[in-house]
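Engineer: Dropping the structure in here first, questions after.
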Amino acid sequence: MRWTTTVAKLAEDELYIISHLSKGRIAPDLSGVDSGSRPLKLSDHKGKVTVLLFWSSTMQEADRVLQITANLAKKFHDKRFVILGVNHDTLEKLRSLEADNTVTWPNFSDPSNILGAQYRVGTWPLVYVLDGERKIHYAGAPGSFVELTAEALLSEIKPANK
């Protein structure tokens, strides 16, 4: 077996994660296109609690993750909240998931894993919960910790003056 990754590269990636992708850090901006080839940027959602979900329909337990995410979207639909997917499927697959309303949140189309590589995603799915300034409050698997973190951050947002 021939290894293509060096120890130096692994160490470099770990240092990047510690410096840029750990709790308390400001998440790097992502810039790409959605399934309609429209520009999409993480920074366009400033002021909103953001769940950044790296996912693919071929990952283990994809149906469960999609259901958890759909429930989250419904629960917080009237809040300053957004789910942004970073999808690793083909463009055609992503479009079909959106067309049949399996996926109702915006997604970066990332079939070549360019954005996933920027975030050093090694395990799918991976979720980041960010506050309105893109500060990381959670990084890990989808589930109840994502919901609890988002709920706590949303409770801290002051209502707009009327």
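Engineer: Return the whole-Å distance between the Cα centroid of segment 14-81 and the Cα centroid of segment 117-153.
Structural biologist: That distance is 7 Å.
Engineer: For segment 66-115, take every pair of Cα atoms, bin their distances at 10 Å starting from 0, and report each bin as a whole percent.
Structural biologist: Reading the bins upward from 0: 26, 51, 22, 1.
Engineer: Mind ranking 45-54, 93-102, 9-18, 77-86 by how tightly packed they are, going by the mean number of other C-beta atoms within 10 angstrom, highest first?
Structural biologist: With the highest mean Cβ count within 10 Å placed first, the list reads 45-54, 77-86, 93-102, 9-18.
Engineer: Over the chain, calculate the relative contact order: mean separation of alpha carbon pairs under 8 Å at least 6 apart, over the residue count, as a percent.
Structural biologist: Over the chain, the number comes to 29 percent.
Engineer: If you stretched the chain out fully between K41 and T5, how much longer would it get, using 0.36 nm times the residue separation minus the C-alpha to C-alpha distance?
Structural biologist: Extra length available between K41 and T5 comes to 10.0 nm.
Engineer: Now a separate question. For the chain, what does the helix formula give at 222 nm: sum of -39500 (n - 2.57) over DSSP H segments with n ≥ 4, over the residue count, nearest 500 deg cm²/dmol?
Structural biologist: -10500 deg cm²/dmol
Engineer: Rounded to the nearest 5, what % of the DSSP beta bridges within segment 1-103 are antiparallel ones?
Structural biologist: Just about 30 percent of them are antiparallel.
Engineer: Please list, by residue number, everything in segment 63-85 whose backbone N is under 17 Å from a paramagnetic label point 7 Å out along Cα→Cβ of L148.
Structural biologist: Backbone N within reach: 72.
Engineer: Here's something else I'd like to know. Sum up the charges of everything whose Cβ sits under 14 Å from the Cβ of I26, counting Lys and Arg as +1 and Asp and Glu as -1, but leave I26 out.
Structural biologist: Around I26, the charge tally is +2.
Engineer: Quick check: from the Cα gyration tensor, does the chain come out rounded (a/c under 1.5), prolate or oblate?
Structural biologist: oblate
Engineer: Report the charge-dipole magnitude of segment 26-156 in Debye, nearest 20, computed about the Cα centre from +1 at each Lys and Arg Cβ and -1 at each Asp and Glu Cβ.
Structural biologist: 220 debye
Bear in mind that the values in this text are calculations on the coordinates, not laboratory data. These numbers were taken from a predicted model, which means no experiment stands behind them. With ideal geometry, Cβ positions are generated from the backbone for all residues, glycine too; neighbour counts draw on all protein chains shown.
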